[in-house]
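*Asks:* Sharing a structure below in structure tokens format, with a few things to ask.
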Ligand code: CP
């Protein structure tokens, strides 16, 4: 694999390679000297056409830990304000000797377009999708996977550990690239994935999109559930709920999602108080889940909306800070695997 643009076609072997490589970098990061010379001489350009805190900073730190040189681009302070196009911007970074481009954009498909242009030019530049519109956020889903599986088996995090686990993904699924990437990795693991949101944020159209992306393997809607058996598992794996409780019942993990107000037209934006009452994750609602349930959130968080402030800060349940920590090791793994041509 030359680029990482989506997890829809990731194989179990690829997931496990990323997890094992990330585990070895996590060990490096626990040492006194946290730097390795692996990507010395290579250039990693962070092309962020949309705002970011954790993804941009952790890709930068990951590249630096691997001894790569880093270039950071932010659209607002770039020559795009003078009319330069996205592809011309990418080609400018190519001309400076960039080896890996990490791309975020508010529109779906921009990383793919840059990757296609690099391939058309016949250059050996890799493109990593750091979040494109409502499409995908592969490195986030991979760090979520790493966070969960490392908790289950620190010595050997692997995809298969999630087989049969019930995982609830709750919130603004319609606008969530994180949900889409997580759906692919969790289905590949053999987990049971339960999506829960108000109907405006989990439309039937979304279910049809997932079915289509999955290559027509689905069986269609059934009541308030959509059944999506995968090739590797004949049992239902993806369920849709327009209420929270059935998704939380006996769940092993809960992934909450940010209400993406910036992507919503006014009629989609729920009353925040009502939303928190119905779909906000709180300690009380977690009582429906397995006793040792853990909660994830990709960040940034609307405190007191999709998750209560006290639960967000409760280390007994919240994995939010661990997710951020995992991000560096996982992004080191991705940069290493692409940079050394082993992905
Ligand atoms: N999770 C995530 O993508 O966060 P940032 O927008 O801060 O990068």
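The values are calculated or read from the model by the stated rules, or taken from the named source; none is laboratory data. No experiment lies behind these values; they were computed from the predicted model shown. Please note: Cβ atoms are built from the backbone with ideal geometry, for glycine as well, and neighbour counts cover all protein chains shown.
*Asks:* Only residues that are buried (at least 21 other Cβ atoms within 10 Å of the Cβ), in a helix (DSSP H, G or I) and more than 16 Å from the ligand (Cβ to nearest atom): list them for the range 22-58, please.
*Replies:* Hits for the range 22-58 are 22, 23, 25.
*Asks:* For the range 72-128, enumerate the residues that are surrounded by fewer than 22 Cβ atoms within 10 Å (Cβ to Cβ) and either under 19 Å from the mean Cα position of the chain (by Cα) or assigned by TED's automatic domain parsing to the domain that holds residue 262 (or both).
*Replies:* Residues satisfying the conditions are 106, 107, 108, 109, 112.
*Asks:* In addition: Does residue 16 meet the test of being in contact with a helix residue (DSSP H, G or I) (Cβ under 9 Å, 6 or more places away or on another chain) and within 16 Å of the ligand (Cβ to nearest atom)?
*Replies:* Details: in contact with a helix residue (DSSP H, G or I) (Cβ under 9 Å, 6 or more places away or on another chain): yes; within 16 Å of the ligand (Cβ to nearest atom): no.
No, not satisfied.
*Asks:* If you don't mind, another one. Of the residues 281, 227, which is modelled with pLDDT under 90 and within 24 Å of the chain's Cα centre (by Cα)?
*Replies:* Going through 281, 227 in turn, just one is modelled with pLDDT under 90 and within 24 Å of the chain's Cα centre (by Cα): 227.
*Asks:* Considering only the range 294-341, how many residues are more than 16 Å from the ligand (Cβ to nearest atom), surrounded by fewer than 17 Cβ atoms within 10 Å (Cβ to Cβ) and modelled with pLDDT of 95 or more?
*Replies:* So the count comes out to 7.
*Asks:* Here is a list of conditions, (1) more than 20 Å from residue 251 (Cα to Cα); (2) surrounded by fewer than 23 Cβ atoms within 10 Å (Cβ to Cβ), and residue 190 meets all of them except one; can you say which number that is?
*Replies:* Looking at each condition in turn, residue 190 falls short on (1).
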